[in-house]
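**Q** Attaching a single structure in structure tokens format; questions to follow.
The values are calculated or read from the model by the stated rules, or taken from the named source; none is laboratory data. None of the values given here were measured: they were computed from a predicted structure. For neighbour counting, all protein chains shown are included, and Cβ atoms are generated from backbone atoms with ideal geometry for every residue, glycine included.
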């Protein structure tokens, strides 16, 4: 076997031995080392990082050896809960988990120590040792005594002797041991009759004993409440408390005693059966069964006397049970015993004296109303003066004066029933009301001249009838609920009362016939719910009736009114009446004038329905009244600059959160005839054109070209010659639609010929116009241009003659009279459209013709003194070759 194989086998053997040592030390290490034990002592509750001990130092190991020592815990998961080990020095420290002796050694009985055992390996192999570490955990006083219950009850009989001892079984416990455990008990208040003693049993457990130090009497004081305090032996000591209630139980230490031992009673011989004679009363201060008293006749009382005078065993009441023989006066002596448990009976004597019948009167009742056992039943619906009973006075001396009257509070009276003597009628004086009073005790009293009194006592019991209808606590119930509620939402609980008794006073609840089906009412409890979600915008107020019905016969019913008001929630967005708005406004409309009104609605109420308007775009030009919705422009608008405006208007309500909607508004500017025609050609009043004398009639010489920035009829242009200078009259003519100037007849003379051309639109109410001078130099050639220029410079711009303007006005009025109505305007509009098309075609034709004859005519152009706007449309350039 090679050295390498031996080393491998030896290493495996070492590993096996180390593993077996963890489980159980074996003798395989006896050749290398032996287990050693180190003992440390600490107190419980030490903070993290407290040094417990240094294994390397305590074993006197050379920690500077090479290779260094390595210390390792065998069972790390368990051991490291409480301690941490420094691998290089073997120092043991407390870990994050605080060592609590009461938790660590919870199963130890008192007297046993608390230990923590650790196994520590010292490595590497050449230093290997197994160190047994034993940590003794000492107790500290960190727990106070506690009783198993906050209240301890102790029962002591009132006849307990002085120095009697009663164990308090619910003694206190303290998790601490030794001197830190419970050492003594004491009372907060001993009332001068108690003290505590502590006894230790074989298990060294302390039990407190309550010792009676004075006499107890339950009838004087039946309960004592104090605190019992358990104290341990710590420094300072810790206390535990509990309420100690000491109950003094009753013993039969008293016997019954009569409040009156001799009672004298006088009874008339004609006394009726059931007459109350007297009541005996005995008292026993004991409690419960010990205080029960039973009244009985003594055996000395004959049986027939017992039967004649009935004695109630419980109450001690004696009543006449039979009929007394009234022929002779008799005397009865009744001996009554009061018996208590385990007691000698108390004795009382009743002396009964029987008077002759000839003395006081007797009253014989004869009931008209239903009567049973001295109780008369009378319905509350009986009318006043309902007869109840007749009373007859018997054994009345003719000469004796008798006073018979009624002793009672209530609507009753006793009066003589004439013409009979000694007959009296008892009747009601008013209606009875069960709800006011259910029972009356009446005494009919008769008194003779000697002052002797006899009474007949009976009870009138009022029988309830269904004479009261239920009454709602509130006849009008106003309820409020927010819309969009959950189905079956509770609204209220109806409450009605009925003063009648039994079934007559039980109330059921019903919905009225006008109640909507969405409401439901529990017939027995009166709970009113709404079964569906409400929408205030659909209906805001629900008003209906409810009924409360009793169970009497016949039923009585009361009607109440329920008003349910649905409160608004912001569940609706503002809504414009149109999807979009279009407003037509004439241009040059004054600033802040009303352009239009935007109508917007919101189905919500109050703040949720208040809508404000704002302009999202274009707010620098337009403004809007947030409340009324009136749209205005800040300044006057010009169609020629911009003819259409598109605005976005937002409507926002006042809810939380708010809701909104946006609408598009189009503002279209209508054209106003505010621009006169602008002459583009000729470009100057000082320009001229050469016309050959040989030009044949019908030849198109030139044209006047003008534009108008307006639209529609305001932009339809008409040309006319309003004045001529030079040349033959009527030599030239102008097309009113195209402005084309043609030669009408053969030219004869030579020289400068000037035409004043008026360019007018068809605007309403007043057409606008411009004028331009058109000059023709009639000659074969321009041999001396300076001469022509000189003629032009001397030519003044002609003014229109007054008569011409008169004719023009007449013509305008005549034209207006021809357009009295809209159909004419429509026809004229169509004609204008056709005219525009004709102008376009003629213009095209003229341009083509003049292009061919451009060598024949020349026009000298001198700029007109007209300030043209920079925004003017670019016109078609004419060939400069036409202008000379």
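**Q** Quick one: in the range 607-620, which of the residues that are surrounded by fewer than 16 Cβ atoms within 10 Å (Cβ to Cβ) and without any contact (Cβ under 8 Å) to a residue 40 or more places away in the chain is nearest to the chain's Cα centre (by Cα)?
**A** Within the range 607-620, the match that is nearest to the chain's Cα centre (by Cα) is 614.
**Q** Does residue 479 satisfy the condition of being touching a residue at least 12 places away in the same chain (Cβ under 8 Å) and over 22 Å from the mean Cα position of the chain (by Cα)?
**A** Criteria not met by residue 479.
**Q** What number of residues in the range 579-602 are in a loop (DSSP other than H, G, I, E, B) and either buried (at least 17 other Cβ atoms within 10 Å of the Cβ) or in the same structural domain as residue 510 (by TED's automatic domain parsing) (or both)?
**A** Qualifying residue count, the range 579-602: 4.
**Q** Which members of the range 133-171 meet the condition of being surrounded by 15 or more Cβ atoms within 10 Å (Cβ to Cβ) and under 30 Å from residue 65 (Cα atoms)?
**A** Residues satisfying the conditions are 133, 135.
**Q** Name every residue in the range 444-491 that is at positive phi and touching a strand residue (DSSP E or B) at 6+ places or on another chain (Cβ under 8 Å), in order of residue number.
**A** Selection gives 488 alone.
**Q** Take the range 201-214 and flag every residue that is within 11 Å of residue 248 (Cβ to Cβ) and either without any contact (Cβ under 8 Å) to a residue 40 or more places away in the chain or loosely packed, with under 13 Cβ neighbours inside 10 Å (or both).
**A** Correct list: empty.
**Q** If you don't mind, another one. Condition (residue is more than 26 Å from residue 175 (Cβ to Cβ), exposed (fewer than 14 other Cβ atoms within 10 Å of the Cβ) and modelled with pLDDT of 80 or more) applied to the range 106-127: is it met by at least one residue?
**A** Checked against the condition, which is being more than 26 Å from residue 175 (Cβ to Cβ), exposed (fewer than 14 other Cβ atoms within 10 Å of the Cβ) and modelled with pLDDT of 80 or more, the range 106-127 yields at least one hit.
**Q** While we're on this one: Within the range 565-577, is even one residue closer than 30 Å to residue 597 by Cα and at pLDDT 90 or above?
**A** yes
**Q** Restricting attention to the range 467-480, which residues are more than 15 Å from residue 437 (Cα to Cα) and buried (at least 18 other Cβ atoms within 10 Å of the Cβ)?
**A** Answer for the range 467-480, where residues must be more than 15 Å from residue 437 (Cα to Cα) and buried (at least 18 other Cβ atoms within 10 Å of the Cβ): 469, 470, 472, 477.
**Q** Scan the range 430-482 for residues that are in contact with a helix residue (DSSP H, G or I) (Cβ under 9 Å, 6 or more places away or on another chain) and under 22 Å from residue 511 (Cβ atoms) and jot them down.
**A** Scanning the range 430-482 gives a single hit, 470.
**Q** Inspect the range 495-502 for any residue being free of Cβ contacts under 8 Å to residues at least 24 places away in the same chain and surrounded by fewer than 12 Cβ atoms within 10 Å (Cβ to Cβ) and give the result as yes or no.
**A** No, there is no match, as no residue in the range 495-502 is free of Cβ contacts under 8 Å to residues at least 24 places away in the same chain and surrounded by fewer than 12 Cβ atoms within 10 Å (Cβ to Cβ).
**Q** Same structure again: Go through the range 687-743 residue by residue and tally those that are touching a helix residue (DSSP H, G or I) at 6+ places or on another chain (Cβ under 7 Å), within 21 Å of residue 833 (Cβ to Cβ) and at pLDDT 85 or above.
**A** 4
**Q** While we're here: Does residue 490 satisfy the condition of being exposed (fewer than 13 other Cβ atoms within 10 Å of the Cβ) and part of a strand (DSSP E or B)?
**A** Yes: the conditions hold for residue 490.
**Q** Can you pull out the residues in the range 38-70 that are under 16 Å from residue 134 (Cα atoms) and in a strand (DSSP E or B)?
**A** Matches in the range 38-70: 38, 39, 40, 41, 42, 43, 51, 52, 53, 54.
**Q** Considering 83, 57, 140, which residue is farther than 30 Å from residue 226 by Cα, at pLDDT 85 or above and in contact with a helix residue (DSSP H, G or I) (Cβ under 8 Å, 6 or more places away or on another chain)?
**A** Testing whether each residue is farther than 30 Å from residue 226 by Cα, at pLDDT 85 or above and in contact with a helix residue (DSSP H, G or I) (Cβ under 8 Å, 6 or more places away or on another chain) leaves just 140.
**Q** Kindly indicate whether residue 548 is outside the structural domain of residue 633 (by TED's automatic domain parsing) and over 29 Å from the mean Cα position of the chain (by Cα).
**A** Spelling it out, residue 548 is indeed outside the structural domain of residue 633 (by TED's automatic domain parsing) and over 29 Å from the mean Cα position of the chain (by Cα).
**Q** Against the conditions (1) buried (at least 18 other Cβ atoms within 10 Å of the Cβ); (2) more than 30 Å from residue 209 (Cα to Cα), where does residue 266 fall short? Just the number, please.
**A** For residue 266, the exception is condition (1).
**Q** Do you know which of the residues in the range 410-435 that are loosely packed, with under 13 Cβ neighbours inside 10 Å and either more than 60 Å from the chain's Cα centre (by Cα) or not assigned by TED's automatic domain parsing to the domain that holds residue 459 (or both) is nearest to residue 384 (Cα to Cα)?
**A** Filtering first and then ranking leaves 415.
**Q** Looking only at residues that are out of contact with any strand residue (DSSP E or B) (no Cβ under 7 Å at 6 or more places or on another chain) and outside any helix (DSSP H, G or I) in the range 783-800, which one is modelled with the lowest pLDDT?
**A** 799
**Q** Going through 321, 287 one at a time, which residue ends up being within 60 Å of the chain's Cα centre (by Cα) and either at pLDDT below 90 or surrounded by 13 or more Cβ atoms within 10 Å (Cβ to Cβ) (or both)?
**A** Just one listed residue meets the conditions, 287.
**Q** Here is a follow-up. So in the range 240-254, with the set limited to residues that are touching a strand residue (DSSP E or B) at 6+ places or on another chain (Cβ under 7 Å) and modelled with pLDDT under 90, which one is nearest to residue 362 (Cα to Cα)?
**A** If we take residues in the range 240-254 being touching a strand residue (DSSP E or B) at 6+ places or on another chain (Cβ under 7 Å) and modelled with pLDDT under 90, then 251 is nearest to residue 362 (Cα to Cα).
Table: residues versus (1) part of a loop (DSSP other than H, G, I, E, B); (2) under 57 Å from the mean Cα position of the chain (by Cα); (3) outside the structural domain of residue 245 (by TED's automatic domain parsing).
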residue	(1), (2), (3)
143	yes, yes, yes
156	no, no, no
160	yes, no, no
166	no, no, no
176	yes, yes, no
183	no, no, no
186	no, yes, no
195	no, no, no
202	yes, no, no
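**Q** Could you check residue 457 against (1) part of a strand (DSSP E or B); (2) surrounded by fewer than 16 Cβ atoms within 10 Å (Cβ to Cβ); (3) without any contact (Cβ under 8 Å) to a residue 60 or more places away in the chain and say which number it fails?
**A** Evaluating residue 457 over (1) part of a strand (DSSP E or B); (2) surrounded by fewer than 16 Cβ atoms within 10 Å (Cβ to Cβ); (3) without any contact (Cβ under 8 Å) to a residue 60 or more places away in the chain leaves (3) as the failure.
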